[in-house]
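Shown next, in structure tokens, is the structure this report addresses.
The values are calculated or read from the model by the stated rules, or taken from the named source; none is laboratory data. A quick note: this is a predicted structure, and the numbers were derived from the prediction, not measured. A quick note on method: Cβ atoms are made from the backbone with ideal geometry, for glycine too, and the neighbour counts reach across all protein chains shown.
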Amino acid sequence: MNNNLAIPEIKIKCLRLAKEVSDILNEVGYIYCPANMMASNPEYCLSLKEWKNTFTKWIYEPGENEILMCSIFFDMRPIYGHYKLAEELIEKIHMLLQSQEIFLHFMANNVLNNPPPFSFFRNLILEKSGENKDCFDIKLRAMLPLIDSARILYLDKKIPFASNTVKRFISLADDEPNNAELYNMAADAYQILMHFRVTQGIKSGNNGRYILPEKLSKMERLQLRNALQPIDEIQKLIRIRYVPGNL
């Protein structure tokens, strides 16, 4: 999109392409978002000017929905076309965050609200009812806490742009030698969790989000537990840095 408001013809072409891509992704296992947060949603087919205005509103008037939207769209990355448009928008986002630092504290509270993977007695917390009863939700309880943590720590550093969770942790490790070991552990953990989800999805013929621990080998269960270890330490770090009582 150019700097002017998107004209109908451009929107039609972009949305047609977005639907085709979404359909293909759904066929290979990246299922449609139930909340319709996809490129095929006309609400997200905007011009650069419209996106700048949208992010300004989200960051300066943060509510639960605005924080959720930022958490999603802060992970954007250009893949084709005029990269400078995306770079200009990313620069705008960093400027907004610098002038509205309290927004990161709102995001931190959201990160700390992620449900933990372990119970008080260090057992995996499994689904208690429904079709996924006795399964472990690897997306909600393992991957999402790492994704959200990497995002807020990375945005606060204002270091070179990366939208990938692993790359964010690696960049943070380079920027913070004192916490490098923890960040590298988190990067490794996320890759292991991704591998778990993909392999379990292939075995189950679904998206691999829900894992039945009893079907894992002893080695796989150990690998899974080890991959979950950095989550608590990362969240402690975020609590110290961003929770108001620790400011």
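When residues in the stretch 26-44 are screened for being more than 16 Å from MET69 (Cβ to Cβ) and either acidic (Asp, Glu) or not in a loop (DSSP other than H, G, I, E, B) (or both), 2 of them pass. Identify, from the list ASN132, ASN53, ASN114, ASN65, the residue that is in a loop (DSSP other than H, G, I, E, B), polar (S, T, N, Q) and modelled with pLDDT of 90 or more. Of the residues listed, the single one that is in a loop (DSSP other than H, G, I, E, B), polar (S, T, N, Q) and modelled with pLDDT of 90 or more is ASN132. Among the residues making up the stretch 59-77, those that are farther than 22 Å from THR165 by Cα and surrounded by 12 or more Cβ atoms within 10 Å (Cβ to Cβ) are TYR60, PRO62. Yes or no: TYR44 in contact (Cβ under 8 Å) with a residue 40 or more places away in the chain, surrounded by 12 or more Cβ atoms within 10 Å (Cβ to Cβ) and within 19 Å of ILE79 (Cβ to Cβ)? No: the conditions fail for TYR44. So which residues in the stretch 22-65 are over 30 Å from PHE103 (Cα atoms) and under 20 Å from the mean Cα position of the chain (by Cα), if there are any at all? Of everything in the stretch 22-65, those that are over 30 Å from PHE103 (Cα atoms) and under 20 Å from the mean Cα position of the chain (by Cα) turn out to be SER22, LEU25, ASN26, GLY29, TYR30, ILE31. Among the residues of the stretch 210-217, is there at least one that is in a helix (DSSP H, G or I), buried (at least 16 other Cβ atoms within 10 Å of the Cβ) and within 20 Å of the chain's Cα centre (by Cα)? No, because not a single residue in the stretch 210-217 is in a helix (DSSP H, G or I), buried (at least 16 other Cβ atoms within 10 Å of the Cβ) and within 20 Å of the chain's Cα centre (by Cα).
For ILE240, the stated conditions hold: it is touching a helix residue (DSSP H, G or I) at 6+ places or on another chain (Cβ under 7 Å) and exposed (fewer than 14 other Cβ atoms within 10 Å of the Cβ). The single residue among ASP148, ASP156, ASP188 that is part of a helix (DSSP H, G or I), acidic (Asp, Glu) and surrounded by fewer than 17 Cβ atoms within 10 Å (Cβ to Cβ) turns out to be ASP188.
If you check ILE59, ILE93, ILE72, ILE79 for being outside the structural domain of LYS167 (by TED's automatic domain parsing) and not in a helix (DSSP H, G or I), only one passes: ILE79. On the stretch given as the stretch 111-123, residues that are touching a residue at least 12 places away in the same chain (Cβ under 8 Å) and surrounded by fewer than 18 Cβ atoms within 10 Å (Cβ to Cβ) total 4. Per the conditions (1) of a type outside the set (Asp, Glu); (2) under 23 Å from MET37 (Cβ atoms); (3) free of Cβ contacts under 8 Å to residues at least 60 places away in the same chain; (4) surrounded by 12 or more Cβ atoms within 10 Å (Cβ to Cβ), the sole criterion not satisfied by TYR80 is (4).
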